[in-house]
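The structure appears below as structure tokens.
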Amino acid sequence: MSSQLEKGPIIVSACLAGINCRYDCAAKSAPDIVKMVEEGLAIPLCPEQLGGLPTPRPPAEQIGDKVITIDGVDVTAQYQKGVEEAIKVVEMTAAKKVYLKSKSPMCGVGQIYDGTFKGQLKPGEGLFARALKKLGVMIEEVD
Ligand code: SF4
């Protein structure tokens, strides 16, 4: 095992690594993140998919303490399940850091979409980001 893995891997939002896991079946590739995964230094995961949501899927945003799709469907339970599964990976691998896609209702750090589906932001964090903070895992946002 490499010394990198002995210290725990880096985990990244899968869409940043070029995986087409976003609601619209696209990715948001960040070249540095793709490189880390290609070099075996980082593991990609998508908490929304781990929660059982399909791809593509309707976009969802946080409204109050719920996550609601643009069609008005409450997907909070799937989001919570996705957080639970993603945290399992973080704990199993003793991940030392997680790079997270900005603005997402799941992965966003500091700012998320405001629930109006108009591309407007509000202060807040995604459910996965919140759980990682609570665990004390180092996180960094990538736009
Ligand atoms: Fe999945 Fe997070 Fe990317 Fe959303 S932002 S597609 S939950 S990895």
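Any read-out appearing in this document is the output of simple, stated calculations on the displayed coordinates, not a laboratory observation. Note that the coordinates shown come from a computational prediction; the quantities given were computed from them, not determined experimentally. Here Cβ is always computed from backbone atoms with ideal geometry, including for glycine, and neighbour counts include all displayed protein chains.
A few points about this structure:
- Charge dipole (debye, nearest 20) of the range 12-109; +1 at Cβ of Lys and Arg, -1 at Cβ of Asp and Glu: 200 debye
- Helix 76-93 and the longest principal axis of the C-alpha atoms of the chain enclose an angle of approximately 10°.
- Extents of the chain, taken as max minus min of Cα coordinates on every principal axis and listed largest first, are 47, 28, 26 Å.
- Sequence-separation-based contact order of the chain, relative, with Cα cut under 8 Å and 6+ spacing, percent: 22 percent
- Unpaired by the 4.7 Å Cβ criterion, cysteines found in the chain: Cys15, Cys25, Cys107
- Full extension of the chain between Arg130 and Glu85 gives 14.8 nm of extra length, using 0.36 nm per residue less the Cα-Cα distance.
- A protection proxy built from the mean count of other Cβ atoms within 10 Å ranks the segments 35-48, 93-106, most packed first, as 93-106, 35-48.
- MRE, 222 nm, helices only [DSSP H, n ≥ 4, -39500 (n - 2.57), over the chain, to nearest 500]: -8500 deg cm²/dmol
- Computed E for Glu38/Phe117 - FRET, C-beta separation, R0 35 angstrom, nearest 0.05: 0.55
- In this structure, the amide hydrogen of Gln111, modeled 1.01 Å from its nitrogen in the peptide plane, lies closer than 5 angstrom to those of Lys103, Gly124, counting only residues at least 5 positions away or on a different chain.
- Inter-probe distance in nm under a simple model that places probes 7 Å from Cα toward Cβ, at Ala77 and Asn20: 3.0 nm
- Proximal charge balance of Lys97 [Cβ under 11 Å; K/R count +1, D/E count -1]: +1
- Here the range 65-124 is assigned +1 on the Cβ of each Lys and Arg and -1 on the Cβ of each Asp and Glu. Its dipole about the Cα centre then comes out at about 320 debye.
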